[in-house]
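What follows is one structure encoded as structure tokens, with my remarks underneath.
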Amino acid sequence: MQNKQEAADNFELWARLVQDIAETRGSNAKVELCANYFSHLTPSEVSLACQFMGEGAFSNISGKRASVGAQTIGVAAAEYCGIDYDIVFKTCRTASGSSTETIQRLFENLPKARQKNTIQHWNLARISELAEKLAQTHGRKDKQRILTRIWDGLSPLATKYFLRLLSQGSLRIGFESRSVLQALARSSQVDYEQLRYAHMLTGSLAKTAELACTNRLDQAQFKLFNPIAFMLAAPLHSKSVENWQDFIAEEKFDGMRCQLHAHGPKVELFSRDLNAISNQFPELVEIFRIKGFLPTVLDGEICIFRNQTIQPFQELQKRMGVKKPSKELMSKYPVLFIGYDLLYLDQKETVSKSLIQRRISLEKLAKKYEFPISKQYSIGSKDQVDQLFEQALAHGNEGLMLKEKNAPYSFGERKNHWLKVKRPSGSIDTVILYAQAGSGKRGGSYSDFTLGVSVKEDPRYEEEFIPIGKAYGGYTDQEWKDLNKAIKGCIIDRFGPTAQLRPEIVVELEFEAIQPNSRTKAKYTLRFPRFKAIRWDLSPKDVDSLEHVELLFKEHQSKERSPQKSSRSFLYPE
């Protein structure tokens, strides 16, 4: 029994399981693999395994981060392999589209890296300790020394997933928190909805797993200042709405989703990925701090608001990621928090109540504490929705949100209770430069594409095409099959699951916006790009230029936006 337990609680085994899940088609089959693995673990081991799969090296509520930058990892990996970072490593990473995938392939194939490797078969708890040591270590060189010692004891595959744990993001295997919870419900034989509710209250997969495995789900408690998974919206389709009267409409603000927790003088802001962002917007924290709220959790949006008008999202980007914004920056890009839902009030969660009930409480709260909330519109027909949509665009907003009046707050899920009505901002003709193999339903074939624009006549560049964005949706199953057939004849090199292509296949790419991005060669990226059409009738000479992209961006920035009356009459309850 001891040997069996050691084998189950082995990080190498966990990594192979994760890779198997990535290569398995069908969500049910993925869940079954994971549930079977959980069944061989103790409660404490299940807790760590769930955390690793859905949250990363540290629980979402721990506040901890490994704080190891991509360059720190890349430089250490290049030295470990005995290769040049700029010439070799960066080139491989660009081609593969993934630092961790690049490191796995280099460690598997370069003799210098292979000679150093002696697999230690560490258990999950030991991996957690190593991540903790990284989090407590300061200084790039010291972190790199720890990383190389860890790599000595891990296989290349386990190294890839260990590095992904450190990013506190998705493992990119088509298996997110929802799937982890489904596997946990199956292995511990508990009701999935009860498990999901406990996860919402605790904010932690690790804690939820511990409660589930010890039959204590009823002891789950919400803790203020631990963010709740956001409710997500589905796109509006022709059959999404049967009765328009069942919905209300709100303008979809051109901002950043934010969850605000407040109690007395303490206020915390959390982003959609559940990271604390309070230090980026200190003026918002101060505004809500002096109001002295009862224990409260609000869902809303942070926007740049100037001259009674919500400004483009690109202006908000100037504030995002700035940990200590200067007075000058805050003055130039003033922010506003607009609330549109209430999740918790005075020791009681409100997510199980209907939208109408939550809205009544929200309006009372907004009136008492004087903070802005969204304006709601009754709708009765598609024509009314169209009119409100045009009004939202005139205000410079992204479109509309339709929200079902009697629906609860479906935390962490994308359901038809909320529907987003949007229109692409534009489209450009691009060419596919790289194709990466996917997982799940489309595993084994190319379903993730890097697309480029032309710089043939641009004196700033030596290449003919440079990347402008990545897209993995918008095509039909038949188009995807046709695309994969065409790709086979265009491959000029391979880097693990990524293929470099001759620039031959032209795609009309639609997008929500163009964003400046100094980290890319083009200095711009597309927001939410997706296939509009595969242009078999066009050739690479028809691809739009980077100068065209720059012109589109400037035109959008200079477009006038209608003022939203006054902030009080439009955004505050009357």
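Of a type in the set (A, V, I, L, M) and without any contact (Cβ under 8 Å) to a residue 40 or more places away in the chain: does that describe Ala499?
no
Check Lys403 against each of (1) more than 29 Å from the chain's Cα centre (by Cα); (2) within 29 Å of Thr202 (Cβ to Cβ); (3) of a type outside the set (Gly, Ala, Ser) and name the one condition it does not meet.
Here Lys403 meets the rest and fails (1).
Residues to consider are Leu106, Leu130, Leu110; find the one that is more than 30 Å from Phe465 (Cβ to Cβ) and either touching a residue at least 12 places away in the same chain (Cβ under 8 Å) or among the small types (Gly, Ala, Ser) (or both).
Leu130
When you look at Tyr344, is it among the aromatic types (Phe, Trp, Tyr), within 26 Å of Gln376 (Cα to Cα), touching a His at 6+ places or on another chain (Cβ under 9 Å) and outside any loop (DSSP other than H, G, I, E, B), yes or no?
yes
Out of (1) in a strand (DSSP E or B); (2) under 24 Å from the mean Cα position of the chain (by Cα), the odd one out for Thr296 is which?
With respect to (1) in a strand (DSSP E or B); (2) under 24 Å from the mean Cα position of the chain (by Cα), Thr296 is out only on (2).
Conditions tested, residue by residue: (1) surrounded by 20 or more Cβ atoms within 10 Å (Cβ to Cβ); (2) in contact with a Gly (Cβ under 9 Å, 6 or more places away or on another chain).
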position: Asn28; (1), (2): no, no
position: Phe38; (1), (2): yes, no
position: Leu41; (1), (2): yes, no
position: Ser44; (1), (2): no, no
position: Ser62; (1), (2): no, no
position: Val68; (1), (2): yes, no
position: Lys90; (1), (2): no, yes
position: Glu132; (1), (2): no, no
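Taking only the stretch 511-548 into account, find how many residues are of a type in the set (Asp, Glu) and within 20 Å of the chain's Cα centre (by Cα).
The total comes to 1.
Can you pull out every residue in the stretch 385-408 that is in a helix (DSSP H, G or I) and in contact with a helix residue (DSSP H, G or I) (Cβ under 8 Å, 6 or more places away or on another chain)?
Val385
Let's see how each residue does on (1) aliphatic (A, V, I, L, M); (2) assigned by TED's automatic domain parsing to the domain that holds Pro497; (3) closer than 30 Å to Ala185 by Cα:
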| position | (1), (2), (3) |
| --- | --- |
| Gln51 | no, no, yes |
| Ile83 | yes, no, no |
| Asp86 | no, no, no |
| Ser98 | no, no, no |
| Gln115 | no, no, no |
| Ile119 | yes, no, no |
| Ala125 | yes, no, yes |
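Tell me which of these Gln387 doesn't satisfy, since it passes every other one: (1) farther than 30 Å from Gly26 by Cβ; (2) touching a residue at least 24 places away in the same chain (Cβ under 8 Å); (3) over 20 Å from the mean Cα position of the chain (by Cα).
If we test Gln387 against (1) farther than 30 Å from Gly26 by Cβ; (2) touching a residue at least 24 places away in the same chain (Cβ under 8 Å); (3) over 20 Å from the mean Cα position of the chain (by Cα), just (2) comes out false.
Could you please find all residues in the stretch 490-510 being part of a strand (DSSP E or B) and either of a type in the set (Val, Ile, Thr) or more than 22 Å from the chain's Cα centre (by Cα) (or both)?
Answer for the stretch 490-510, where residues must be part of a strand (DSSP E or B) and either of a type in the set (Val, Ile, Thr) or more than 22 Å from the chain's Cα centre (by Cα) (or both): Ile491, Ile492, Asp493, Arg494, Phe495, Thr498, Ala499, Gln500, Leu501, Val506, Val507, Glu508.
Which one of these does Arg93 not meet: (1) in the same structural domain as Thr208 (by TED's automatic domain parsing); (2) within 25 Å of the chain's Cα centre (by Cα)?
So the condition that Arg93 fails would be (1).
Report yes if Val241 is in contact (Cβ under 8 Å) with a residue 12 or more places away in the chain and closer than 27 Å to Leu201 by Cα, otherwise no.
Against the criterion (in contact (Cβ under 8 Å) with a residue 12 or more places away in the chain and closer than 27 Å to Leu201 by Cα), Val241 does not qualify.
Does Gln347 fit the bill of being of a type outside the set (Phe, Trp, Tyr), surrounded by fewer than 17 Cβ atoms within 10 Å (Cβ to Cβ) and free of Cβ contacts under 8 Å to residues at least 24 places away in the same chain?
Answer is no for this residue.
Which pairs do you get when a residue that is among the small types (Gly, Ala, Ser), found in the stretch 160-174, comes within reach of a residue that is at pLDDT below 85, reach meaning Cβ atoms under 6 angstrom, with the pair 6+ apart or on two chains?
So the pair list comes out as Gly174/Ser439; Gly174/Gly440.
Please tell me if Asn226 is crowded, with 18+ Cβ neighbours inside 10 Å, outside any helix (DSSP H, G or I) and not assigned by TED's automatic domain parsing to the domain that holds Gln317.
Taking the combined requirement at face value, the residue satisfies it.
Okay, residues lined up against (1) within 30 Å of Ser44 (Cα to Cα); (2) surrounded by fewer than 19 Cβ atoms within 10 Å (Cβ to Cβ); (3) out of contact with any strand residue (DSSP E or B) (no Cβ under 6 Å at 6 or more places or on another chain); (4) of a type in the set (A, V, I, L, M, F, W, C):
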position: Ala220; (1), (2), (3), (4): yes, no, yes, yes
position: Leu232; (1), (2), (3), (4): no, yes, no, yes
position: Ala249; (1), (2), (3), (4): no, no, no, yes
position: His263; (1), (2), (3), (4): no, yes, no, no
position: Phe270; (1), (2), (3), (4): yes, no, no, yes
position: Pro282; (1), (2), (3), (4): no, yes, yes, no
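Where residues in the stretch 326-358 are touching an Asp or Glu at 6+ places or on another chain (Cβ under 8 Å) and of a type in the set (A, V, I, L, M), which of them is farthest from Leu269 (Cα to Cα)?
Leu355
Of the residues Leu201, Leu195, which single one is part of a helix (DSSP H, G or I), modelled with pLDDT under 90 and not assigned by TED's automatic domain parsing to the domain that holds Lys252?
Leu201
Lys291: in contact with a helix residue (DSSP H, G or I) (Cβ under 6 Å, 6 or more places away or on another chain), more than 30 Å from Ser558 (Cβ to Cβ) and surrounded by fewer than 20 Cβ atoms within 10 Å (Cβ to Cβ), yes or no?
yes
The values are calculated or read from the model by the stated rules, or taken from the named source; none is laboratory data. Since the model is a prediction, treat every value here as computed from it, not as a measurement. In this analysis, Cβ positions are derived from the backbone assuming ideal geometry, glycine residues included, and neighbour counts consider all displayed protein chains.
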